[in-house]
Each structure stands twice: as C-alpha cells, then as structure tokens.
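Chemist: The structure follows.
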Amino acid sequence: MCGIIGYTGEKSGLDIVLQGLEALEYRGYDSAGLAVIENGEGKVFKQVGRVAGLRQVVNGQELAAHLAIGHTRWATHGRVTIQNAHPQVNSEQTIFVVHNGIIENFGELRDKLVANGYTFISETDTEVVPNLIDFYLKQLDSFKAAFEAALNDIHGAYSIVAISAHDPETLYAARLSSPLVIGVGENENFLASDPSAIIEHTKKVIYLEDYDVAVITKSDVKIHNLKQNTTPEPKVELIDYDNEEALLGDFPNFMFKEITETPAAIRSASLGRALADKNLVKLGGLESVIGQLKYIDRIVIVAMGTSYYAGLVGEYLIEELAGIPVEVQLASEFNYRNEPFSRSTALLAISQSGETADTIAALKKVEDYGVLRLGIVNAVGSTIARMTDAGVYCHAGPEKAVASTKAFIAQVTVLMLIALNLSKGRSKRFKPLLEELDVLPAKAQAILDQVENIKNIAEKYADYRDFLFIGRHNSFPAALEGALKLKEISYMHAEGYAAGEMKHGPLAMIDENFPTFAIATNSPLLDKTLSNIQEIRARKGPVVALATEGNESIKELCDDVIYIPNTEPETQPILQVIAMQLFAYYIAMKRGYDVDRPRNLAKSVTVE
Ligand code: M6R
C-alpha cells in the first residue's frame with residue numbers, strides 16, 4: 001500500500017527520494033509524488049501512475065535540496081488524481097505532508113479548518129494535516145509544538161512525515177499503528193515506511209513505536225512519546241536484509257523469481273531447526289516461552305489472505321501432530337467477535353509482511369488478556385515481529401510480488417516445525433517428517449523442472465471465465481490458496497471448495513464451460529476425490545488433476561494431469577501449492593497481465 005520515504009543530509013534529496021520510491025513500488029500504488037525544500041521554498045512534483053512517470057516530471061530540474069519527502073499512494077480517500085497524490089500542502093504552500101493510514105475524523109477537522117478560512121483542493125483525508133499544523137503554528141512557538149498539537153486532534157491510524165519551507169533541515173515524523181523506520185547514516189538520516197527503501201544507504205535503523213514523534217536532522221534524532229510524555233533514547237538496531245535477494249536479476253518478473261525460490265524457502269525455514277540426525281526440532285524464537293507453552297491447551301491462529309490459508313494447513317498439522325486444538329480465524333473477523341478467551345489459549349499471528357492492519361489489530365485486541373502472543377513472520381523487524389511475545393521467522397527473504405508464493409511455502413514449513421516442536425517428540429511422525437523435510441527442497445525443484453509442461457496445460461485453460469479448485473483434508477486449504485492465486489493475478493473467477501461439498505451446491509455450476517482443478521494426490525481419501533471427478537466429468541466439466549507421480553490411471557479420467565513427486569501426507573500441501581502457483585502464473589501471463597502488480601491490490605495491507 002502507500003509508501004513513505006524522507007531524507008535530510010548533504011546529498012541530493014531528490015535523487016535519494018526518487019530511488020526510495022522505486023524501491024517501494026512493489027507495495028502497490030496508483031500515484032506518486034515528492035516535495036523538496038530549496039531556498040526557503042517548497043517544490044512539489046506529482047504524477048498519476050508509475051514512479052518512472054514522476055521521474056519524467058522532475059527531469060531536468062536543477063535542485064540541490066538536502067531535505068526531501070516522497071510518497072507512493074494507494075487510493076483510499078479520493079480518486080486517483082494528481083490533486084489527491086501526496087505530498088499534501090497547506091493553503092499557504094509552506095507545509096508539506098506525506099501520510100500512510102486513515103484519519104477517521106478528517107471530516108470534522110476539515111469543517112473546523114474551513115470555518116477558520118482554510119481552503120481544500122483535494123478529496124483526501126491527509127490534506128487536513130498540513131492545514132492543522134499551520135493552524136497551530138499561528139498560535140504556538142515552534143513547528144514541533146504545532147505538529148504535536150495537530151497529532152493530538154487526529155483519530156485514526158497513521159505514519160506521517162512533515163517538512164516546512166522555513167526549516168530546510170528537519171523531518172518531523174509520527175507513528176500510530178502504521179510503520180515508520182528511521183535510517184541512521186553519517187551526516188544524513190532517512191525515514192521510510194519500509195526498510196527496503198533505505199537499505200541501499202544504511203542498515204542502521206530506529207523503529208518508531210506508537211505515539212512516537214521524531215524530530216530528525218542530518219546529525220540528530222530526538223523522540224518524544226506523546227502518550228507517555230517521555231523522551232525515549234533512540235535505540236539503533238542493525239537490520240539483516242539482503243538487498244541482492246530483492247533484485248530481479250534475469251527473471252521476467254518477481255512472481256516467477258519467487259516461485260523458483262520455493263525450494264530455497266523450505267531449506268531456509270528448516271535450516272538449523274529441523275535436525276533429522278539428532279531427531280530434534282530446535283526453535284530458538286520460542287525458547288523464551290517454553291514454560292508458558294506447556295500450559296497451552298488451545299491455539300487461535302489469526303491471519304489474512306494467503307497467510308490465513310497457511311494457517312488452515314497449520315490447523316491440521318498442529319492438531320494431528322501435537323494434539324492441541326486449533327481454530328483459524330480471519331483477523332478481520334476475529335477483531336469484532338466477543339468470544340471467550342482463556343489464558344491457556346495462545347494467539348498465533350501469521351503474516352508475510354508483519355504489517356497487515358487486521359492482524360496487528362487482532363494482537364492488540366488480546367493485549368490486556370494476558371495471553372501468549374506468538375508470530376510467524378517473514379519481514380524481519382516488522383510490527384508483528386516486534387509486538388509478539390515470541391515467534392519464528394520464515395526466512396524466505398524479501399517477497400516483492402503482490403501474490404504471495406515462497407512466503408506461503410515457508411509459513412507451512414514453519415507451522416510443521418512448530419507442530420513437531422509442540423509434540424515434544426511424542427508423535428510417531430517426528431522422524432519421518434524430519435527426514436522428509438531434508439528431501440523436500442529437491443522435490444519442489446522437480447516441480448519447477450517441469451514448468452514447460454505446466455505452462456502448456458495452463459495455457460489451454462487461459463480463456464475460461466471460471467475455475468473451481470477442489471481438495472480434501474489438508475488439500476482443501478491448498479485448493480483455497482490455488483483459487484486465490486488464480487483470481488488475484490488472472491482476474492478469472494475462481495473458487496476453492498472441499499471436494500466433499502460438491503453435491504451440496506457447487507456441482508450445479510458445472511458444465512463444459514466451467515473447468516475444475518482437482519487435487520487428487522495420493523491419500524486415503526483419493527478414491528473419494530476420484531468419485532467427485534467422475535461426477536464432474538459426467539456433467540461435461542473439464543478437469544485438470546494434480547496427481548502423484550506414478551498414478552497413470554488418472555489420465556483416463558481427466559483432461560489433463562500435472563504430476564508432483566510422492567511425499568508424506570503432511571507435506572503434500574507444500575508441493576501442491578507450488579504446482580498451482582505455476583498454473584496460475586502461466587494463465588495470467590497468457591492473458592497478458594502484470595503478475596507482479598495485480599490491479600486494485602497492494603503488497604502490504606496496512607489499513608483495515
Ligand atoms: O503480509 P501478510 O501475509 O499479512 O498479508 C496477508 C494478505 O494480504 C496476503 O497474503 C494476500 O492475500 C496476498 N496478496 C495473497 O497472495
């Protein structure tokens with residue numbers, strides 16, 4: 001979603017901000033803009049569409065400005081127009097603001113400001129911020145005091161960065177429920193909503209906490225926490241982020257690159273944790289809460305989208321391997337339910353970005369319950385990683401394509417490790433699964449080695465309007481994920497169903513124009529799924545089956561078959577989903593879509 005970058009130092013603020021905006025592109029956005037302060041005057045440049053377009057608008061400008069802010073906007077309040085792009089400016093054109101999040105009481109604030117003579121030209125909630133700062137600046141003695149007074153009036157979630165034409169060195173920043181990180185350099189400092197925007201310049205960062213207000217010059221960072229009225233000493237941390245991994249290299253797009261990284265994702269998620277030779281699962285991230293874990297008799301998993309589907313696979317794993325009841329909820333639903341929640345229940349949040357607003361809200365909801373809050377997160381240092389009591393990182397590396405691929409694979413791998421860890425070695429499946437994890441990357445690679453075949457099959461189905469995905473047991477959440485992948489990048493209507501549900505409704509949709517992707521890999525339930533396939537074929541529905549290598553007879557029953565290597569029942573969803581990611585990818589490519597940036601979607605969903 002929206003991205004923020006800010007710079008104060010001795011270099012060209014313009015260049016650094018443009019570069020930072022390019023690094024933030026993967027988050028999804030529909031317009032971009034920046035502001036610089038030069039010779040006591042602010043200059044704003046904005047463009048609808050890509051940052052490349054903004055570069056063209058700026059091109060040829062000789063600007064030596066050392067203070068700059070930039071923003072990529074994913075429209076929430078107001079259409080995608082130049083007026084609505086950020087930075088937003090006060091009526092007098094002296095205060096420049098970029099903002100992520102939502103200002104819930106902006107209507108009320110706007111009315112108050114209009115009554116005081118302010119004019120508004122955008123449809124955004126953000127435009128109230130520079131005007132509100134201006135309003136207080138006329139009454140108070142410093143920009144900082146005016147900034148804080150404005151923040152006190154604002155309700156909602158935000159990360160805000162403001163600069164003033166009268167102060168060519170200072171970035172003013174504030175955070176509440178929306179991430180903001182300061183990058184610490186030599187005679188320069190940076191601000192960003194996401195470390196990827198500044199990683200090229202520094203790995204030293206200070207994460208702002210909720211209610212923090214930061215005043216940043218090239219040589220100094222001061223923080224004031226508005227809620228506690230304290231001035232916390234800025235805590236500089238080193239981030240572990242491999243920028244090389246985030247580059248496209250020779251790949252046609254990030255989605256394909258990230259699918260090819262799935263074998264590595266399984267390996268990295270298990271490295272040093274799944275110790276088959278010692279018959280041990282070692283999860284350093286959970287060691288601090290081992291005592292509390294002993295008393296956990298129920299786990300509620302909260303997540304959204306693909307991470308939610310990983311959670312559904314995890315439900316089978318934890319219940320069957322560790323014998324602990326699990327309930328998986330969409331965080332957006334969990335947040336508005338009044339369910340009984342005992343202290344022996346642990347909340348487990350799963351998130352690739354670690355910044356999903358609904359999932360963060362779920363963790364906040366139970367803050368006062370005194371329950372254990374755990375996380376499975378990919379983005380190191382993200383909000384969820386920092387707000388949970390303990391957790392396990394996915395170590396999948398940066399994921400840039402909006403459609404999550406390698407992160408899902410890593411999440412399920414980690415869930416399996418957690419399930420084994422919680423089983424405390426009692427499960428008979430302990431040894432076979434640890435041994436299987438050792439060979440699973442090679443099996444994942446074997447699927448990638450048959451991309452040509454998957455591509456040929458996928459392309460045959462690229463012109464259909466609808467698709468049904470079916471599976472049973474732990475292949476059911478895999479079917480849900482297969483359908484999500486297809487719909488988000490190919491805009492084809494796709495639904496995931498438990499195969500056993502077919503006769504209870506979905507079968508009515510089946511005819512020669514409605515194909516089914518049936519997960520029919522080896523399992524004690526295979527015969528039942530084969531019966532479902534028969535019923536679909538009897539109604540002329542085309543069927544693509546996902547089967548286990550060696551099952552030749554299934555070819556008689558289906559139009560097309562994609563094979564995956566034989567694996568343990570618990571690890572099947574991992575291999576199934578890799579095949580379905582490729583299937584969706586090739587359909588979307590054949591339909592001519594931008595797979596990395598599907599329309600209307602953002603990588604990090606930082607508002608509800
Ligand atoms: O960063 P998170 O894992 O918390 O994100 C959750 C969903 O927004 C995300 O998985 C989304 O569904 C993906 N676009 C799916 O590919």
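The values are calculated or read from the model by the stated rules, or taken from the named source; none is laboratory data. These figures come from a predicted structure and were not determined experimentally. Counting neighbours? That spans all protein chains shown, and the Cβs are built from the backbone with ideal geometry, glycine included. The accessibility values were calculated without ligands, DNA or RNA, using every heavy atom of the protein model including side chains. Shrake-Rupley method; radii C 1.70, N 1.55, O 1.52, S 1.80 Å.
Chemist: Working only within region 358-370, note down all residues that are surrounded by fewer than 19 Cβ atoms within 10 Å (Cβ to Cβ), under 19 Å from the mean Cα position of the chain (by Cα) and either part of a loop (DSSP other than H, G, I, E, B) or within 14 Å of the ligand (Cβ to nearest atom) (or both).
Modeler: Answer for region 358-370, where residues must be surrounded by fewer than 19 Cβ atoms within 10 Å (Cβ to Cβ), under 19 Å from the mean Cα position of the chain (by Cα) and either part of a loop (DSSP other than H, G, I, E, B) or within 14 Å of the ligand (Cβ to nearest atom) (or both): just Ala361.
Chemist: Residues that are more than 12 Å from the ligand (Cβ to nearest atom), closer than 30 Å to Lys203 by Cβ and open to solvent by 20 Å² or more (accessible area, probe 1.4 Å): does region 425-445 have at least one?
Modeler: No: zero hits.
Chemist: Restricting to region 458-471, and then to whatever is touching a strand residue (DSSP E or B) at 6+ places or on another chain (Cβ under 6 Å) and buried (at least 18 other Cβ atoms within 10 Å of the Cβ), can you tell me which residue is farthest from Ala499 (Cα to Cα)?
Modeler: Phe467
Chemist: OK, next. Would you tally the residues in region 255-274 being open to solvent by 10 Å² or more (accessible area, probe 1.4 Å) and of a type in the set (Asp, Glu)?
Modeler: Summing the residues that are open to solvent by 10 Å² or more (accessible area, probe 1.4 Å) and of a type in the set (Asp, Glu) in region 255-274 gives 1.
Chemist: Can you spot a residue in region 237-245 that is at pLDDT 95 or above and either among the basic types (Lys, Arg) or not in a strand (DSSP E or B) (or both)?
Modeler: The answer is no, given that none of the residues of region 237-245 is at pLDDT 95 or above and either among the basic types (Lys, Arg) or not in a strand (DSSP E or B) (or both).
Chemist: Here's a follow-up. Consider only pairs whose beta carbons are under 8 Å apart and that are at least six residues apart or on different chains; among these, list those whose first residue lies in region 284-313 and is acidic (Asp, Glu) and whose second residue is more than 13 Å from the ligand (Cβ to nearest atom) and open to solvent by 50 Å² or more (accessible area, probe 1.4 Å).
Modeler: Short answer, once both residue conditions are applied: Asp297/Pro325.
Chemist: How many residues are more than 17 Å from Val377 (Cβ to Cβ), open to solvent by 40 Å² or more (accessible area, probe 1.4 Å) and either among the aromatic types (Phe, Trp, Tyr) or part of a helix (DSSP H, G or I) (or both) when one looks only at region 300-326?
Modeler: So the count comes out to 4.
Chemist: Moving on to the next point. Could you tell me whether any residue of region 54-68 is closer than 26 Å to Val605 by Cβ and of a type in the set (Val, Ile, Thr)?
Modeler: No: zero hits.
Yes/no matrix, rows are residues, columns are (1) more than 23 Å from Asn532 (Cβ to Cβ); (2) out of contact with any strand residue (DSSP E or B) (no Cβ under 7 Å at 6 or more places or on another chain); (3) open to solvent by 40 Å² or more (accessible area, probe 1.4 Å); (4) more than 16 Å from the ligand (Cβ to nearest atom):
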{"residue": "Val543", "(1), (2), (3), (4)": "no, no, no, yes"}
{"residue": "Glu549", "(1), (2), (3), (4)": "no, no, yes, yes"}
{"residue": "Asp560", "(1), (2), (3), (4)": "no, no, no, yes"}
{"residue": "Pro569", "(1), (2), (3), (4)": "no, yes, yes, yes"}
{"residue": "Gln572", "(1), (2), (3), (4)": "no, yes, no, yes"}
{"residue": "Ala584", "(1), (2), (3), (4)": "no, yes, no, no"}
{"residue": "Gly592", "(1), (2), (3), (4)": "yes, yes, yes, yes"}
{"residue": "Arg599", "(1), (2), (3), (4)": "yes, yes, yes, no"}
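Chemist: Can you pull out the residues in region 347-357 that are at pLDDT 95 or above and more than 8 Å from the ligand (Cβ to nearest atom)?
Modeler: If the condition is that a residue be at pLDDT 95 or above and more than 8 Å from the ligand (Cβ to nearest atom), then Leu347, Leu348, Ala349 are the ones that fit.
Chemist: Turning to a different aspect of this structure: Can you spot a residue in region 301-311 that is within 14 Å of Val412 (Cα to Cα), in contact with an Asp or Glu (Cβ under 9 Å, 6 or more places away or on another chain), away from the ligand (no atom under 16 Å from the Cβ) and in the same structural domain as Ala357 (by TED's automatic domain parsing)?
Modeler: Within region 301-311 (the criterion being within 14 Å of Val412 (Cα to Cα), in contact with an Asp or Glu (Cβ under 9 Å, 6 or more places away or on another chain), away from the ligand (no atom under 16 Å from the Cβ) and in the same structural domain as Ala357 (by TED's automatic domain parsing)), the answer is no, since none of the residues qualifies.
Chemist: Checking Ser604 against (1) over 15 Å from Leu486 (Cα atoms); (2) within 16 Å of the ligand (Cβ to nearest atom); (3) surrounded by fewer than 21 Cβ atoms within 10 Å (Cβ to Cβ), which single condition isn't satisfied?
Modeler: (3)
Chemist: Still on this structure: Every residue in region 89-104 that is under 24 Å from Glu355 (Cα atoms) and either in a strand (DSSP E or B) or not assigned by TED's automatic domain parsing to the domain that holds Ala35 (or both), please.
Modeler: Matches in region 89-104: Val97, Val98, His99, Asn100, Gly101, Ile102, Ile103.
Chemist: Then there is this: In region 314-346, which residue that is out of contact with any Phe, Trp or Tyr (no Cβ under 9 Å at 6 or more places or on another chain) and within 16 Å of the ligand (Cβ to nearest atom) is farthest from Thr571 (Cα to Cα)?
Modeler: Only one residue fits best here, namely Asn335.
Chemist: Of the numbered conditions (1) assigned to a loop (DSSP other than H, G, I, E, B); (2) away from the ligand (no atom under 11 Å from the Cβ); (3) of a type in the set (D, E, K, R), Arg373 fails exactly one; give the number of that condition.
Modeler: In the conditions (1) assigned to a loop (DSSP other than H, G, I, E, B); (2) away from the ligand (no atom under 11 Å from the Cβ); (3) of a type in the set (D, E, K, R), Arg373 misses (1) alone.
Chemist: Scan region 1-40 residue by residue and report those that are without any contact (Cβ under 8 Å) to a residue 12 or more places away in the chain and assigned to a strand (DSSP E or B).
Modeler: Residues satisfying the conditions do not exist here.
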